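Quick notes on the structure that follows.
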Amino acid sequence: MKKKSIVAAISALSLIVSMNTGIGSVFAGEQSTVPGTAEQPFVVTDGLFDQTKTESDLGLSKIEGAETVTVFTATDDTDHYCNGVVMTEFKGKLYTQWQSSAKDEDAEDTWVAYSVSDDNGATWSEPKVLVPTIDNGYCSSGGWFVSDDTLVSYINVWYSDTTPRGGFAYYVESTDGEHWSEMKPVLMKDGTPMEGIIEQDPHVLASGRIVNATHFQPGLFAYPIYTDDPSGTKGWVKAQYTCMEQGEGATTSREMEPSLFVNEDGTIVMTFRDQNSSFVRLAAISTDQGETWSETVSTNMPDCRAKQSAGNLPDGTAYLVGCSVNNKGRWPLTITLSSDGKTFDTAYVLRTHDEFPELKYTGKAKRLGFHYPKSVVIGDYLYISYATSKEYVEYTRIPLDAISLNADKEAPVISGIEDGAEYTDSVTFTVEDANLKSVTVNGEALTAEDGKYTLTVSDGQQVVVAEDEAGNKTVVKVMVKASANNSTETAENTNTNSDSNGNSNVSTPQTGDTMMRVAAIMAGLLLASGLVIFAAGKKRRA
């Protein structure tokens, strides 16, 4: 992709992005759409995943510089179950939350735990209580959202007497990441509580709108949602969307546990787990900032039928995280990339079957694998968090420059001067770069006038450096000397002054001195002319 195209894509996306939203992707564009049957929202290159190698690496390589960190490990003295791991950054610290229980998944003793790192993930605190166990049900993790100086944690509450099985979205908030409010209901635009389970990764558009998804009651039916309230806790609207047919009496939608990314056109693509075990991801699109959505279609992206994650890197690269296999095995864990969000043609393996130990403890829904990954961009890294075998809270951190397909690798172009050349009196030049950061000469900032930079006479070499926002640099070294005429005039118009000790120094006359010299010369010429005329007249009279 050419640099101008990259810049256009970045301006359309303008990541993230803060990653304050749980996935720090930023989207742009206000287009209209008519809901209907979606064309294939994206495709995966044929043969990208070798499905004969599902027990190893799918034929993929690993990412140089990627590293995996363990936040929590189940032991005899702790809970044995964990899942729903989500990360964020708040006021210089990393935060990880998950749901925890003594033994079984979704047991009545389930509570929401979190851990904090103030040294960039080198060490983590012991699990703290975000929300304790409740009567008549349990709580699970709903993800993070950062609004200005407030950290919001969504909490999904599952009451035992809710039939069919479903839940409600609540939240707690903090301004210091340590002291938390009481649980409050997440509100719809009409002020009523959200009767559904909120998904774990809200995304913020360039307009400030937040787009996410909720599994609404009765039962669990996935719908896109959006709000224009910057707190992320109220004003939510259920988008115009139709779930796929599930048959009479169904209590869940076929689409489950969505995530989303944006393509280079500004179209939002929401991807879903397929509860009907097709082992491919489902997808729907919106071109009006999440208000209306197309029908959902099957894609050719392999998926193990588990929660997955999607998003965009700061340069616009779209990514899909999950276990890209055509069976229920939740391994290996992979990341799949696309420069435009339309064709995914690059993939890497993050964790393989050989990288998790045998289960230490038994329990309901406990099994091997990398479960429910979620992702967030923080600083120069993409953090992918997950529960390994539902006994370890872990994340894999990937350097952005290792996976950014649209990264700016082109240096600024300097025109008008050439490296090693010599110029006289002055010279102008231009610099072309859509993401230009600075232009300096010998370390001092240089400012353009009418798009042009000017170098004037100076002793010694002048080193021009043009640098863009990605750190690419172009360096040109030149000499700018005075012309021969300027050199002669300068020599003739110098004064030799001596001090009381006989020391002399040569200086260039100031403007006032020059004017006085010119006046004196003119007066002398006039006087001389007068004398000549006088002498000529006297001679004629004689």
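List the residue pairs whose Cβ atoms are under 6 Å apart, where the first residue sits in the stretch 349-377 and is over 23 Å from Ala402 (Cα atoms), the second is of a type in the set (Val, Ile, Thr), and the two are 6 or more positions apart or on different chains.
The qualifying pairs are Phe356/Thr388.
What are the residues in the stretch 131-151 that are in contact (Cβ under 8 Å) with a residue 60 or more places away in the chain and among the polar types (S, T, N, Q), if any?
Selection gives Ser147, Thr150.
Of the numbered conditions (1) aliphatic (A, V, I, L, M); (2) under 30 Å from Asn485 (Cα atoms); (3) open to solvent by 70 Å² or more (accessible area, probe 1.4 Å), Val413 fails exactly one; give the number of that condition.
(2)
For Ile335, only one of the following conditions fails: (1) out of contact with any Gly (no Cβ under 8 Å at 6 or more places or on another chain); (2) among the β-branched types (Val, Ile, Thr); (3) open to solvent by 10 Å² or more (accessible area, probe 1.4 Å). What is its number?
Answer for Ile335: the failing condition is (3).
Would you mind listing the strands (runs of 3 or more DSSP E) fully within the stretch 271-376 where at least 2 residues are among the hydrophobic types (A, V, I, L, M, F, W, C)?
280-286, 297-302, 318-322, 333-338, 346-351
Of all the residues that make up the stretch 258-275, how many are without any contact (Cβ under 8 Å) to a residue 60 or more places away in the chain and open to solvent by 10 Å² or more (accessible area, probe 1.4 Å)?
Total meeting the criteria: 2.
Can you tell me which residue within the stretch 47-76, out of those that are of a type in the set (Val, Ile, Thr) and surrounded by 11 or more Cβ atoms within 10 Å (Cβ to Cβ), is nearest to Arg330 (Cα to Cα)?
Thr54
Within the stretch 426-441, take every residue that is polar (S, T, N, Q) and surrounded by 13 or more Cβ atoms within 10 Å (Cβ to Cβ) and give me the one that is modelled with the lowest pLDDT.
Asn435
Restricted to the stretch 418-437, and to residues that are more than 30 Å from the chain's Cα centre (by Cα) and assigned to a loop (DSSP other than H, G, I, E, B), which residue is farthest from Thr474 (Cα to Cα)? Lay out the reasoning, then the answer.
Pass one, the stretch 418-437, residues more than 30 Å from the chain's Cα centre (by Cα): 418-430.
Still in the running and assigned to a loop (DSSP other than H, G, I, E, B): 418-421, 425.
Working: Glu418: 11, Asp419: 10, Gly420: 14, Ala421: 16, Asp425: 24 Å.
Residue satisfying both the conditions and the ranking: Asp425.
Phe221 versus (1) hydrophobic (A, V, I, L, M, F, W, C); (2) under 19 Å from Thr162 (Cα atoms); (3) open to solvent by less than 10 Å² (accessible area, probe 1.4 Å): which is the lone unmet condition?
(3)
Looking for whichever is under 19 Å from the mean Cα position of the chain (by Cα) and surrounded by fewer than 23 Cβ atoms within 10 Å (Cβ to Cβ) here; the options are Asp354, Asp315, Asp345. Which one fits?
None of the other options fit; the residue is Asp315.
Name the pairs whose Cβ atoms lie under 8 Å apart, with the first residue in the stretch 178-193 and over 15 Å from Ser231 (Cβ atoms), the second at pLDDT below 95 and surrounded by 10 or more Cβ atoms within 10 Å (Cβ to Cβ), and 6 or more positions between them or separate chains?
Once the first residue is over 15 Å from Ser231 (Cβ atoms) and sits in the stretch 178-193, no partner that is at pLDDT below 95 and surrounded by 10 or more Cβ atoms within 10 Å (Cβ to Cβ) comes close enough.
Keeping to the stretch 459-469, report how many residues are farther than 21 Å from Glu410 by Cα and surrounded by 14 or more Cβ atoms within 10 Å (Cβ to Cβ).
So the answer is 1.
Scanning the stretch 176-203 for residues that are surrounded by fewer than 19 Cβ atoms within 10 Å (Cβ to Cβ) and among the polar types (S, T, N, Q), which turns out nearest to Val237 (Cα to Cα)?
Filtering the stretch 176-203 for residues that are surrounded by fewer than 19 Cβ atoms within 10 Å (Cβ to Cβ) and among the polar types (S, T, N, Q), the one nearest to Val237 (Cα to Cα) comes out as Thr192.
Where residues in the stretch 122-163 are among the charged types (D, E, K, R) and part of a loop (DSSP other than H, G, I, E, B), which of them is least open to solvent (accessible area, probe 1.4 Å)?
Per the stated criteria, the residue is Asp149.
Could you grab me the full set of residues in the stretch 89-130 that are among the charged types (D, E, K, R) and either within 16 Å of Trp158 (Cα to Cα) or in contact (Cβ under 8 Å) with a residue 60 or more places away in the chain (or both)?
If the condition is that a residue be among the charged types (D, E, K, R) and either within 16 Å of Trp158 (Cα to Cα) or in contact (Cβ under 8 Å) with a residue 60 or more places away in the chain (or both), then Glu89, Lys91, Lys93, Lys103, Asp104, Glu105, Asp106, Glu108, Asp109 are the ones that fit.
Report whether or not Gly166 is in contact with a helix residue (DSSP H, G or I) (Cβ under 9 Å, 6 or more places away or on another chain) and open to solvent by less than 20 Å² (accessible area, probe 1.4 Å).
In short, no.
Could you list, in sequence order, all residues of the stretch 285-304 that are within 11 Å of Ile268 (Cα to Cα) and open to solvent by less than 30 Å² (accessible area, probe 1.4 Å)?
Passing the criteria: Ser286, Thr287, Asp288, Gln289, Gly290, Thr292, Trp293, Ser294.
Going through the stretch 173-221 one residue at a time, which ones are among the aromatic types (Phe, Trp, Tyr) and within 22 Å of Ser259 (Cα to Cα)? Full working, then the answer.
Kept after step one, since they are among the aromatic types (Phe, Trp, Tyr), are these residues of the stretch 173-221: 180, 216, 221.
The answer is Phe216, Phe221.
Return the only residue of Val44, Val112, Val85 being within 16 Å of Ile384 (Cα to Cα) and open to solvent by less than 50 Å² (accessible area, probe 1.4 Å).
Of Val44, Val112, Val85, the one residue that is within 16 Å of Ile384 (Cα to Cα) and open to solvent by less than 50 Å² (accessible area, probe 1.4 Å) is Val85.
Condition check: in a strand (DSSP E or B), closer than 15 Å to Ala421 by Cα and at pLDDT 95 or above. Does Val465 satisfy that? Let's see the steps before the verdict.
Numbers: in a strand (DSSP E or B): yes; closer than 15 Å to Ala421 by Cα: no; at pLDDT 95 or above: yes.
The answer is no for Val465.
Got at least one residue in the stretch 406-417 being in contact with a strand residue (DSSP E or B) (Cβ under 6 Å, 6 or more places away or on another chain), in contact (Cβ under 8 Å) with a residue 40 or more places away in the chain and assigned to a strand (DSSP E or B)?
Checked against the condition, which is being in contact with a strand residue (DSSP E or B) (Cβ under 6 Å, 6 or more places away or on another chain), in contact (Cβ under 8 Å) with a residue 40 or more places away in the chain and assigned to a strand (DSSP E or B), the stretch 406-417 yields at least one hit.
Anything in the stretch 187-219 that is part of a loop (DSSP other than H, G, I, E, B) and either polar (S, T, N, Q) or more than 24 Å from the chain's Cα centre (by Cα) (or both)? List them, or say none.
Lys189, Asp190, Gly191, Thr192, Met194, Glu195, Gln200, Ser207, Gln217, Pro218, Gly219
Looking at Val297, Val377, Val280, which one is in contact with a Gly (Cβ under 6 Å, 6 or more places away or on another chain) and under 24 Å from Asn212 (Cα atoms)?
Val377
Going by the structure shown, is Ala402 surrounded by fewer than 17 Cβ atoms within 10 Å (Cβ to Cβ), under 21 Å from Ala122 (Cβ atoms) and of a type in the set (A, V, I, L, M)? Steps first, answer last, please.
Numbers: surrounded by fewer than 17 Cβ atoms within 10 Å (Cβ to Cβ): yes; under 21 Å from Ala122 (Cβ atoms): yes; of a type in the set (A, V, I, L, M): yes.
Taking the combined requirement at face value, the residue satisfies it.
The values are calculated or read from the model by the stated rules, or taken from the named source; none is laboratory data. Predicted model, so just to flag it, every value in this text is computed and none were measured. A quick note on method: Cβ atoms are made from the backbone with ideal geometry, for glycine too, and the neighbour counts reach across all protein chains shown. The protein model used for the area step is the full one, side chains on, heavy atoms only, and it has no ligands, DNA or RNA in it. Shrake-Rupley method; radii C 1.70, N 1.55, O 1.52, S 1.80 Å.
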